[in-house]
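The values are calculated or read from the model by the stated rules, or taken from the named source; none is laboratory data. For clarity, every value in this text was computed on a predicted model and none was experimentally measured. Neighbour counts are summed over all protein chains in view; Cβ atoms, including those assigned to glycine, are modelled from backbone coordinates with ideal geometry.
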Ligand code: HEC
Ligand code: HEC
């Protein structure tokens, strides 16, 4: 009996050792993904569109800034995108790099194609994979060019940001191909008509502003989507900041959807108001600067989607408060 147990133990140890060796020797993968053939423009209307996206709906500015500038960005100041935001989660410590055109510490040395590829395919300038914080794969060519054109137009700011560090779990995700480059769901459109229609609202909610990524339930460890679109229930555990959140249901289900009974005016006013909860991970400041067209389009889109009954009893939890199972 003792012998059998010892053998089983030995087998388990060998399996673990092989797995660890496999993970440690294969996680650091390089991906040879073609660089999109996009050129930044110096046209002022293109740059203006890029700036609107970066500080507004695409909310790049809520991450690519020093941590202590978050409240300034939320208030609407146009803080330089010199990077530094940090998030310590089970797959690793992630830091948003400096994306001003500084040659040494920013994006000055990267080509337009490298910048476009980071957003469209989630591949870093050095061909390694980026952790999926930036689900902008389906941006239209025009909006992607507008964003990189704006990035190029900023004054360079010197600010060295340490690179991100995957934990053992993050390395395992990479080794087993769960963390990999992303692709657009279909061939991205060249451009889209900017209008307060359901179609444009769908584009903002799913691609530009990523309402989808937070308001759909996901597995916290792998990031995999497990819930119905926009039905809420995604847990954002942010104990370091003192609060954790469960996102509300945005579908038009009369009983359980938070906005199901709001009219367009109430919806727009809620967005103009900014955050109610301190440290809400939703980029309310950036979204409070959305223009009327975008907000009306979003309102119409959320009215049009499939209602899902999913009661989220409570969305905000102080540290120590028990979250439902
Ligand atoms: C939720 C936070 C967040 C948002 C929003 C965000 N980023 Fe990032 N970004 C990051 C992090 C974190 C990294 C580094 C990820 C890693 O190291 O795996 C990164 C990496 C990058 C890189 C890669 C640079 C390189 O080394 O190749 C570029 C370019 C970039 N972001 C631009 C943008 C732009 C433009 C936007 C808006 C359209 C944006 N980001 C929005 C967090 C964010
Ligand atoms: C980074 C994650 C994140 C993103 C992106 C995000 N949300 Fe949220 N949202 C939350 C969280 C967490 C809450 C609950 C805390 C709060 O109310 O601030 C919330 C709350 C809400 C509420 C309820 C507000 C209230 O006062 O009852 C609405 C409406 C909403 N989000 C709509 C949207 C829309 C529309 C988008 C896209 C334009 C979006 N959210 C993008 C995380 C996010």
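Being in contact (Cβ under 8 Å) with a residue 12 or more places away in the chain and either more than 16 Å from ligand 1 (Cβ to nearest atom) or assigned by TED's automatic domain parsing to the domain that holds residue 89 (or both) holds for only one residue in 225, 245, 234, 267, and it is 267. Pairs meeting the criteria (first residue in segment 129-140 and farther than 8 Å from residue 188 by Cβ, second residue within 15 Å of ligand 2 (Cβ to nearest atom), beta carbons under 6 Å, at least 6 apart or on different chains) are 131/94; 135/210; 135/213. Kindly provide the set of residues from segment 208-222 that are buried (at least 16 other Cβ atoms within 10 Å of the Cβ), out of contact with any strand residue (DSSP E or B) (no Cβ under 6 Å at 6 or more places or on another chain) and closer than 24 Å to residue 92 by Cβ, ordered by number. Residues satisfying the conditions are 210, 212, 213, 214, 217. Evaluation of residue 269 against the conditions (1) surrounded by 14 or more Cβ atoms within 10 Å (Cβ to Cβ); (2) more than 9 Å from ligand 2 (Cβ to nearest atom); (3) on the phi < 0 side of the Ramachandran plot; (4) modelled with pLDDT of 95 or more shows that the sole unmet condition is (1). Considering segment 240-259, the residues that are surrounded by fewer than 17 Cβ atoms within 10 Å (Cβ to Cβ) and modelled with pLDDT under 95 include one that is nearest to ligand 2 (Cβ to nearest atom), namely 241. Looking across segment 36-83, the residues that are within 16 Å of ligand 2 (Cβ to nearest atom), at negative phi and either not in a helix (DSSP H, G or I) or not assigned by TED's automatic domain parsing to the domain that holds residue 108 (or both) come down to 56, 57, 58, 63, 64, 65. Reported count of residues in segment 120-140, each being more than 16 Å from ligand 2 (Cβ to nearest atom) and surrounded by 18 or more Cβ atoms within 10 Å (Cβ to Cβ), is 7. Can you spot a residue in segment 141-148 that is assigned to a loop (DSSP other than H, G, I, E, B), under 16 Å from the mean Cα position of the chain (by Cα), surrounded by 18 or more Cβ atoms within 10 Å (Cβ to Cβ) and in contact (Cβ under 8 Å) with a residue 24 or more places away in the chain? The answer is no; no qualifying residue exists.
Restricting 229, 252, 275 to those that are touching a helix residue (DSSP H, G or I) at 6+ places or on another chain (Cβ under 6 Å) and more than 22 Å from residue 323 (Cβ to Cβ) reduces the list to 252. Scanning segment 6-33 for residues that are exposed (fewer than 10 other Cβ atoms within 10 Å of the Cβ) and free of Cβ contacts under 8 Å to residues at least 60 places away in the same chain turns up just one, 25.
Could you tell me whether residue 88 is assigned by TED's automatic domain parsing to the domain that holds residue 134 and free of Cβ contacts under 8 Å to residues at least 60 places away in the same chain? Answer is no for this residue. Output the residue which, of all residues in segment 101-135 that are more than 15 Å from the chain's Cα centre (by Cα) and part of a helix (DSSP H, G or I), is farthest from residue 180 (Cα to Cα). Per the criteria, the residue is 112. Restrict the check to segment 298-314 and report whether at least one residue is within 19 Å of the chain's Cα centre (by Cα) and within 25 Å of residue 56 (Cβ to Cβ). Yes; the residues of segment 298-314 include at least one that is within 19 Å of the chain's Cα centre (by Cα) and within 25 Å of residue 56 (Cβ to Cβ). Considering segment 289-309, the residues that are closer than 26 Å to residue 71 by Cα and within 11 Å of ligand 2 (Cβ to nearest atom) include one that is surrounded by the most Cβ atoms within 10 Å (Cβ to Cβ), namely 298. For segment 84-100, a residue qualifies if it is loosely packed, with under 15 Cβ neighbours inside 10 Å and part of a loop (DSSP other than H, G, I, E, B), and exactly one does: 90.
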